[in-house]
Amino acid sequence: MRIPGAMVCRCVLVLILLGAGAMPAAGEDASVPSWTYRVRVEADLSRARVLVRFRDFVPKRLVLARPDALPAVRLETGGRKRPDAVHVRLHGDGVSYHVDFRALGRISAAEKQHQFVGRDLITRAGLFLLQPVKWPAGARVKVILEMPTGIHAAVPWEQDAAYTQVEGQPVYTLPSHALAAHSRMAFGRSAPKRVAVAGCDLSYYVLDAPRVATDVGLDAWLRTGMAAVQTLYGAPPVPRAHVIVQPMIPGRGRPIVFG
């Protein structure tokens, strides 16, 4: 099989997240436990403020998917921090806190789960979104991203059009597995792009680093990759795919880091 020119560019495909579970639409039974994350990211991507509001459910403890990341969190109200968890004392109906993204990068430096690439940040939601120790069955969870002008988010979750229209900010549905998963998200100066692939909504984000591959070449690379997957399954295995592309730094690492 002939390999497109874009395949030889020094780029690394960081992650493909397969699928995301949908959640019930607004206006359904309000008694179902639910909570909302409102994330306000600072323009230099050094910090974020997170407000978590609960409805018909109050957890006793909140944890991070990686417990040793908790020192990067500073509570404002409504909680008492322990080495491994936040013991909830609601102030109103929620808990608010700040997360230091640079401190989080130092904590997870060895695993590179959270790192700055040029002016962009790649991270895991589970590293900074506090969650109940156990999710109630059928819980509805939303994430509202308040991004500064000129900063975009590339996330693997499905956007909720109805809530987004009400909020005036992107609102996403968070499936129960999202915070435990090692899938990545990115904040940066470029808007995510989409590739036309039959049967699959494929979006991708290229991190801020010098690269040889053109946008046209990357599109062809991703289409070819999905076509290879379809030869195995006969059709795209999922309706949505989220891809983050990290250009290689010359002289560092290998072109293929997993696969």
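The values are calculated or read from the model by the stated rules, or taken from the named source; none is laboratory data. These numbers were taken from a predicted model, which means no experiment stands behind them. Cβ placement follows ideal geometry from the backbone for every residue including glycine, while neighbour counts extend to all protein chains displayed. We work out accessible area using only protein heavy atoms, side chains counted, and drop any ligands, DNA or RNA first. Shrake-Rupley method; radii C 1.70, N 1.55, O 1.52, S 1.80 Å.
Details
- Check: region 105-259 dipole with +1 on Lys, Arg Cβ and -1 on Asp, Glu Cβ, in debye: 420
- Inter-part distance where region 74-130 and region 44-61 are each reduced to a Cα centre, Å: 10
- Sequence of TRP157, TRP221 when ordered by accessible area, the most exposed leading, probe 1.4 angstrom: TRP221, TRP157
- Shape call, region 23-164: gyration tensor on alpha carbons, a/c limit 1.5: oblate
- Inter-label distance, nm, simple model (7 Å from Cα along the C-beta direction), GLU167/SER190: 2.5
- Simple spin-label estimate for VAL133 and ASP56 in nanometres, 7 Å along Cα-Cβ: 2.4
- Lysines with Cα under 29 Å of LYS81, excluding same-chain neighbours fewer than 8 positions away: LYS60, LYS112, LYS134, LYS142
- For region 127-206: accessible area per residue (Å², 1.4 Å): 41
- Given their separation in residues at 0.36 nm each and the Cα-Cα distance between them, ASP93 and ALA180 gain 28.9 nm when the chain is fully extended.
- Computed label-point distance, nm, for sites GLU42 and ASP68 using a 7 Å Cα→Cβ extension: 2.5
- For region 23-150, averaging the sequence separation of C-alpha pairs within contact (under 8 Å, six or more residues apart) and dividing by the residue count gives a relative contact order of 35 percent.
- Shown are LYS60, LYS112, whose ranking by accessible area with a 1.4 Å probe and every protein chain present, most to least, is LYS60, LYS112.
- Rounded to the nearest 10 Å², the accessible area of ASP84 at probe 1.4 Å: 90
- Cleavage-rule hits, GluC sites (Glu not before Pro), region 102-177, DSSP coil, Cβ neighbours within 10 Å at most 13: GLU111
- To the nearest 10, the accessible area of LEU62 is 0 Å² with a 1.4 Å probe.
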